[in-house]
């Protein structure tokens, strides 16, 4: 499955041929069809596996610190791959959403279902941060979570477009700083 993920990640769904998949996976044409049905079914399985792995990693980073802001910073910095080739691939989930939008109901549901756990945990972390005074109490937890997810998507798109790693890191830090509680003017 990792080979299929990589091919779809590099070429997108439309740009990937059955021969690309067959060669990458070391399968004959009939074996590919017998195992996965068709290219679309293989794409759904590859995207699902990718999203499970990625969301799990995101949740680990988000929960890596008792500090909500530190967890959010770890999450945002974690989406910035060190390896240039991988960084410029961006995120397969974001690429899929860009390629299909909401036109494909099944893919949209897959994306929504995969992101639900991350959204819920982000809402919790932002809420923890506002309760502790670490995050600006004016920040609504749901809005803050959505802002973080939009920042993640933006970082991935910018990475795919070739933004330098130092710029991506600066933007991740900038986003975290926007959430931070400010001391009242004295």
Handout entry: Filter result for residue 37 (more than 21 Å from the chain's Cα centre (by Cα), surrounded by fewer than 17 Cβ atoms within 10 Å (Cβ to Cβ), at pLDDT below 85 and closer than 23 Å to residue 100 by Cα)
Key = yes
Exercise for the section: Find the residue count for segment 155-170, including only residues that are assigned to a helix (DSSP H, G or I) and surrounded by 16 or more Cβ atoms within 10 Å (Cβ to Cβ). Expected result: 6
Fill in the blank from the handout: By residue number, the members of segment 165-183 that are more than 21 Å from the chain's Cα centre (by Cα) and under 21 Å from residue 145 (Cβ atoms) are 180, 181, 182
Problem - The listed residue being within 30 Å of residue 180 (Cα to Cα), touching a helix residue (DSSP H, G or I) at 6+ places or on another chain (Cβ under 9 Å), in contact (Cβ under 8 Å) with a residue 12 or more places away in the chain and surrounded by 14 or more Cβ atoms within 10 Å (Cβ to Cβ), out of 21, 32, 59, 47 - result: 59
Practice task
Determine which member of the set 139, 126, 79 is over 22 Å from residue 16 (Cα atoms) and touching a strand residue (DSSP E or B) at 6+ places or on another chain (Cβ under 7 Å).
Solution key: 126
Handout entry: Hits in segment 147-163 - residues which are free of Cβ contacts under 8 Å to residues at least 40 places away in the same chain and under 16 Å from residue 114 (Cβ atoms)
Key = 149
Practice task
Kindly provide the set of residues from segment 89-140 that are surrounded by 13 or more Cβ atoms within 10 Å (Cβ to Cβ), within 18 Å of the chain's Cα centre (by Cα), farther than 16 Å from residue 63 by Cα and without any contact (Cβ under 8 Å) to a residue 60 or more places away in the chain, ordered by number.
Solution key: 93, 97, 98, 108
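The values are calculated or read from the model by the stated rules, or taken from the named source; none is laboratory data. It should be emphasised that the depicted structure is a prediction, and the values quoted were computed from it without experimental measurement. All Cβ positions, glycine included, derive from the backbone under ideal geometry; neighbour counts span all protein chains shown.
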